[in-house]
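Engineer: Got a structure for you, questions after.
What follows draws every value from the coordinates through simple rules; no lab data is involved. For clarity, every value in this text was computed on a predicted model and none was experimentally measured. Positions of Cβ are generated from backbone atoms using ideal geometry, with glycine treated the same way; all protein chains shown enter the neighbour counts.
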Amino acid sequence: MNKALMITAIIATAASMAACRAHKEEAATTVSTPQSQQRPQDGAISNTTLIIMYDAKTGKEPLLKAAKEYGAEIIYQYNNLNGIALRIPDGGNISEAIKYFKAVEGVLSVSQDRQWRLL
């Protein structure tokens, strides 16, 4: 093998090994944060906002009517998912609101809104 080709091969191998080592060190520093060190807002549950999914066959009309009667504010309508996000009135009890909306015709699920931080 000629000398120039051998030196090129050695340099390429060394550069490749250095790149792998740098990548491994970087990966070691990006480990997920242990649960005990997560920020308080991670997974925080809202006491005023509900996510409600409804049956497409029944439609959203009974749910929208119930929200208006309850005095809730419609925040967003998830048309492709057959759901809505709503905020209960100030001073409202979230547990009572969940029970109320679960009894509405066509409602499939009622859950409190939750915030998650993507890492």
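Engineer: Whole-Å semi-axes of region 44-115's equivalent ellipsoid, largest first, each the root of 5 times a Cα gyration tensor eigenvalue?
Structural biologist: Numbers: eigenvalues 64, 35, 22 Å².
Working from the Cα gyration tensor, I get semi-axes of 18, 13, 10 Å.
Engineer: Can you check what the net charge comes to around V110, using other residues whose Cβ is under 12 Å from the Cβ of V110 (Lys, Arg +1; Asp, Glu -1)?
Structural biologist: Values: positive: K99, K102; negative: E96, D113.
That sum, taken over residues with Cβ under 12 Å, equals 0.
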